[in-house]
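Below is one structure, written out as structure tokens; the observations come after it.
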Amino acid sequence: MAGNRILLWRHGQTDWNVVNRFQGHSDIALNALGQYQAKHAAEILAGMEPTAIFSSDLDRARTTAQALADIVNVDVTIDARLRETNGGNWEGKTGAQNREEDFENFIKWIDGHDNPAGVTGERRSEVALRARAAITDALGDKSDQLIVFTTHGGTARCVLGDFLELPLTHWAKIGGLSNASWSILAQSPNKGWYLEEHN
């Protein structure tokens, strides 16, 4: 896999992003601004000449990925392992509601602990495991590729923490990706995976 680069691209804005509502596996579409963000970012990403595009199966990610695919003439491969964290009982609720209803668990999770999101949802370690497997499968034995993975903020942070071999308790120190922004992991013979660009 020498010389590969992984581009983690967060989906554009949704109405739930605006009000800080936990989306998780809920299939929320891009709003008008999110569609604009995706198209604007796609024009920039197209200049990087991506060799493949993979996307979460959720609509907000698929629509974002398709904006790039339409420009570069590359098909989007859908992989549900790139989904956002399953938020369990927190999904559909705002941060304020989750603080009020499940304060201790929610604060622990915000602080970077590996407790299941929303009691019945996923642990960060589980998100990292499935997303890394999707990326590893996509890379295969390829070299010198720039592969775009259109995903979600929480999933991107888990991938970055895992690939950079940070202790899980430090993943929360990685700044979140803004809507339709991206980060790039690159591979070096000496350093292994390193963060080439962030947000």
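The values are calculated or read from the model by the stated rules, or taken from the named source; none is laboratory data. The structure presented is a predicted model; accordingly, all values stated were derived computationally and were not measured. Note: ideal-geometry Cβ built from the backbone for every residue, glycine included; neighbour counts use all protein chains shown. Ligands, DNA and RNA are excluded from the accessible area calculation, which covers all protein heavy atoms including side chains. Shrake-Rupley method; radii C 1.70, N 1.55, O 1.52, S 1.80 Å.
See the values below:
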| item | result |
| --- | --- |
| For segment 1-88, the Rg and Dmax computed from alpha carbons only, in angstrom | 13.2, 42 |
| Degrees, to the nearest 10: 32-46 long Cα axis against longest axis of the chain | 30 degrees |
| Accessible carbon and sulfur surface of segment 149-199 relative to its total accessible area, %, 1.4 Å | 48 percent |
| Cross-link reach list, aspartates and glutamates versus K191, counting only Cα pairs under 18 Å and skipping chain neighbours closer than eight places | D144, D162, E165 |
| Using alpha-carbon coordinates, inclination of helix 59-72 to the longest axis of the chain, degrees | 10 degrees |
| Furthest towards positive pole of dipole, T77, I174, A65, structure part the chain, Cβ charges | I174 |
| Tilt relative to the chain, helix 153-163 - C-alpha long axis, 0 to 90 degrees, to 10 | 60 degrees |
| V18/T136 FRET efficiency (R0 45 Å; Cβ-Cβ; nearest 0.05) | 0.85 |
| Along the chain, longest interval not containing exposed trypsin sites (Lys or Arg not before Pro), exposed being DSSP loop plus at most 16 other Cβ atoms within 10 Å | 1-141 |
